[in-house]
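Trainee: Before I ask anything, here is the structure I am working with.
The values are calculated or read from the model by the stated rules, or taken from the named source; none is laboratory data. Remember, predicted model here, so these are calculated numbers, not experimental data. Every residue, glycine among them, receives a Cβ derived from its backbone with ideal geometry; neighbour counts consider all protein chains shown. Surface areas here come from the heavy atoms of the whole protein model, side chains and all, with no ligands, DNA or RNA. Shrake-Rupley method; radii C 1.70, N 1.55, O 1.52, S 1.80 Å.
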Amino acid sequence: MKITLGRQSILLLGVNGLFALAGALSGTFLNVFLWKSRPDYAMLGWFTLSQQLAIGLTFWLAGKWVKEHNKMSALRLGTALSGIFYMIVLWAGSKAVDWIWPLGILLGCSLGLFWIAFNVVYFEITDRKNRDLFNGWVGLLGSMTGIIGPWFSGLIITRMTDNTGYQLIFTVSLVIYVIAVVFSFFLKKRKVSGTYRWSEPWIQLSKRDSPWRTLGWGLFAQGAREGVFAFLIALLVYLATAQEYKLGQFSLITSAVALVSYWAAGKWFKPQYRLKGMFIGALILLIVLLPLLWKVTYGTLLIMGIGSAVAMPLYILPMISAGFDMMGTSGENVEKRVELVVLRELCLMGGRIFGLTIFIITVMNTPSLRMLTWLIIVLGGFPLIGWFFMRKLLNRTEG
């Protein structure tokens, strides 16, 4: 029987694709823009940390609105706030570095609102049979926007003088966010049921035999890596080349590889392969970092980027699908889907804050490239720790 996606799933993919495109156009260069105003690793660390705190808090607080009221309005508000963020950055210009915490909190709130609504709607319009297919398409669209967005932005920024290129790209992102809001009105208003349980994430994590506690540790390990890698790798590419165009080229190449990887994963990566696939993916994610110990150059960073693009679907899809499959194991879990989505994000946030705290402490004491390289290697090993926690859970959910 052929596995397909419904009209609402395709619409949700469209909104997600526009959101991802706007982020790819500007988000890739946002930290470079801030760095050029003030070259300070710790400043970028605090900016990212403020985002993560806001994302986690927004997930927890917005959970009540999403469960008891209109989750579509949360999705639209999150998209609109992303546009407002770039409008403020356009207005502030180089002085944006003086407003790191407020800007980080605003961006975090926008991302939190969008993703809690997206994740809940995603769960409601997919099932265990087509969830891997949907995830594969999300990765595919993310890769396509990663090919087009940063390459185009890097080309524009390099060819225009001063910060006019950044101003143009941030404006384009603002327009795309507006279009995404319009598209979101074609998504049906989802039914609401039940009362939001504020303490449910903590109750699940406190139970020793709870599978959610196991998943929580896996997500924590995932977050420890991605909290730092999400901004540091792009910055290192820029520092190694001193050209925005090279950063756009890096993203184009790695995203093109990821596009093929996610397409293949969506087509052939079945639930019964999740355990072995996740281990192989985690191992490759660590191995491709080792050339950086020799020297941090565009070439070694490209090896890491291509290898990570190949391995990431193997690692991340089992993590995502296993968690959402668990939500559908009983009527009780389905009823608590919003709280369980919040639980996932809080665990990821905990890992990201852990990784970012280590990063900030490191750069405030020994801000050398060598020390940063070793930090990347250490955090790059966390996916293996994530697999270790997830292995029994994956065995249980396979079949």
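Trainee: Which of the numbered conditions does Leu369 fail, given that it passes all the others? Conditions: (1) closer than 19 Å to Cys347 by Cβ; (2) open to solvent by 20 Å² or more (accessible area, probe 1.4 Å).
Mentor: (1)
Yes/no per residue for (1) crowded, with 23+ Cβ neighbours inside 10 Å; (2) in contact (Cβ under 8 Å) with a residue 24 or more places away in the chain; (3) polar (S, T, N, Q); (4) in a loop (DSSP other than H, G, I, E, B):
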{"position": "Trp202", "(1), (2), (3), (4)": "no, no, no, no"}
{"position": "Leu205", "(1), (2), (3), (4)": "no, yes, no, no"}
{"position": "Arg213", "(1), (2), (3), (4)": "no, no, no, no"}
{"position": "Gln222", "(1), (2), (3), (4)": "yes, yes, yes, no"}
{"position": "Ala230", "(1), (2), (3), (4)": "no, yes, no, no"}
{"position": "Ile233", "(1), (2), (3), (4)": "no, yes, no, no"}
{"position": "Phe250", "(1), (2), (3), (4)": "yes, yes, no, no"}
{"position": "Thr254", "(1), (2), (3), (4)": "yes, yes, yes, no"}
{"position": "Ala258", "(1), (2), (3), (4)": "yes, yes, no, no"}
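Trainee: Right, another one. Name the residue that is farthest from Ser255 (Cα to Cα), counting only residues in the stretch 168-197 that are open to solvent by less than 20 Å² (accessible area, probe 1.4 Å) and touching a Lys or Arg at 6+ places or on another chain (Cβ under 6 Å).
Mentor: Tyr196
Trainee: Give the stretch 143-202 a look and list any residue that's on the phi > 0 side of the Ramachandran plot and among the hydroxyl-bearing types (Ser, Thr, Tyr), or say none.
Mentor: Of everything in the stretch 143-202, nothing turns out to be on the phi > 0 side of the Ramachandran plot and among the hydroxyl-bearing types (Ser, Thr, Tyr).
Trainee: In addition: Regarding the stretch 2-9, can at least one residue be identified that is of a type in the set (A, V, I, L, M, F, W, C) and open to solvent by 10 Å² or more (accessible area, probe 1.4 Å)?
Mentor: Scanning the stretch 2-9, I find at least one residue that is of a type in the set (A, V, I, L, M, F, W, C) and open to solvent by 10 Å² or more (accessible area, probe 1.4 Å), so the answer is yes.
Trainee: Can you name the residue in the stretch 333-347 that is under 14 Å from the mean Cα position of the chain (by Cα) and either open to solvent by less than 10 Å² (accessible area, probe 1.4 Å) or not hydrophobic (A, V, I, L, M, F, W, C) (or both) and is also farthest from Leu53 (Cα to Cα) among such residues?
Mentor: Of everything passing the filter in the stretch 333-347, Arg344 is farthest from Leu53 (Cα to Cα).
Trainee: If you check Lys246, Lys295, which single one turns out to be outside any helix (DSSP H, G or I) and either open to solvent by 30 Å² or more (accessible area, probe 1.4 Å) or not aliphatic (A, V, I, L, M) (or both)?
Mentor: Lys295
Trainee: Which one of these is closer than 19 Å to Phe185 by Cα, modelled with pLDDT under 85 and over 16 Å from the mean Cα position of the chain (by Cα): Asn119, Asn70?
Mentor: Of Asn119, Asn70, the one residue that is closer than 19 Å to Phe185 by Cα, modelled with pLDDT under 85 and over 16 Å from the mean Cα position of the chain (by Cα) is Asn70.
Trainee: Here's another thing I want to ask about it. How about the stretch 221-271: which of its residues are under 18 Å from the mean Cα position of the chain (by Cα) and acidic (Asp, Glu)?
Mentor: Of everything in the stretch 221-271, just one residue is under 18 Å from the mean Cα position of the chain (by Cα) and acidic (Asp, Glu), namely Glu226.
Trainee: Okay, next question. Tally up the residues in the stretch 312-330 that are within 15 Å of Ala264 (Cβ to Cβ) and without any contact (Cβ under 8 Å) to a residue 40 or more places away in the chain, please.
Mentor: 0
Trainee: Looking at the stretch 157-167, can you tell me whether even one residue there is more than 15 Å from Val66 (Cα to Cα), open to solvent by less than 20 Å² (accessible area, probe 1.4 Å) and of a type in the set (D, E, K, R)?
Mentor: no
Trainee: Oh, and also: Can you find even one residue in the stretch 19-29 that is in a helix (DSSP H, G or I), within 26 Å of Leu372 (Cα to Cα), open to solvent by 40 Å² or more (accessible area, probe 1.4 Å) and not aromatic (Phe, Trp, Tyr)?
Mentor: No, the stretch 19-29 contains no residue that is in a helix (DSSP H, G or I), within 26 Å of Leu372 (Cα to Cα), open to solvent by 40 Å² or more (accessible area, probe 1.4 Å) and not aromatic (Phe, Trp, Tyr).
Trainee: Output the residues belonging to the stretch 310-332 that are open to solvent by less than 10 Å² (accessible area, probe 1.4 Å) and at pLDDT 90 or above.
Mentor: Result: Ala311, Tyr315.
Trainee: Could you tell me which residue of the stretch 94-115 is least open to solvent (accessible area, probe 1.4 Å), considering only residues that are within 20 Å of Phe186 (Cβ to Cβ) and touching a residue at least 60 places away in the same chain (Cβ under 8 Å)?
Mentor: Going through the qualifying residues, I end up with Phe114.
Trainee: I'd like to verify a number: residues in the stretch 73-93 that are of a type in the set (S, T, N, Q) and closer than 25 Å to Lys191 by Cβ, how many?
Mentor: Within the stretch 73-93, residues that are of a type in the set (S, T, N, Q) and closer than 25 Å to Lys191 by Cβ number 2.
Trainee: Further question: Spot the failing condition for Cys109; the list is (1) farther than 23 Å from Gln52 by Cα; (2) within 18 Å of the chain's Cα centre (by Cα), and only one is missed.
Mentor: Here Cys109 clears every test but (1).
Trainee: Sticking with this structure for a sec: Of these, Ser193, Ser110, Ser173, which one is touching a helix residue (DSSP H, G or I) at 6+ places or on another chain (Cβ under 9 Å), among the polar types (S, T, N, Q) and farther than 19 Å from Leu18 by Cβ?
Mentor: Just one listed residue meets the conditions, Ser193.
Trainee: Would the stretch 265-283 turn up any residue that is among the polar types (S, T, N, Q) and closer than 28 Å to Phe47 by Cβ?
Mentor: There is no residue in the stretch 265-283 that is among the polar types (S, T, N, Q) and closer than 28 Å to Phe47 by Cβ.
One line per residue, one yes/no per condition, for (1) open to solvent by 10 Å² or more (accessible area, probe 1.4 Å); (2) in a helix (DSSP H, G or I); (3) in contact with a strand residue (DSSP E or B) (Cβ under 9 Å, 6 or more places away or on another chain):
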| residue | (1), (2), (3) |
| --- | --- |
| Pro39 | yes, no, no |
| Gly45 | no, yes, no |
| Trp60 | yes, yes, no |
| Ala74 | no, yes, no |
| Thr79 | no, yes, no |
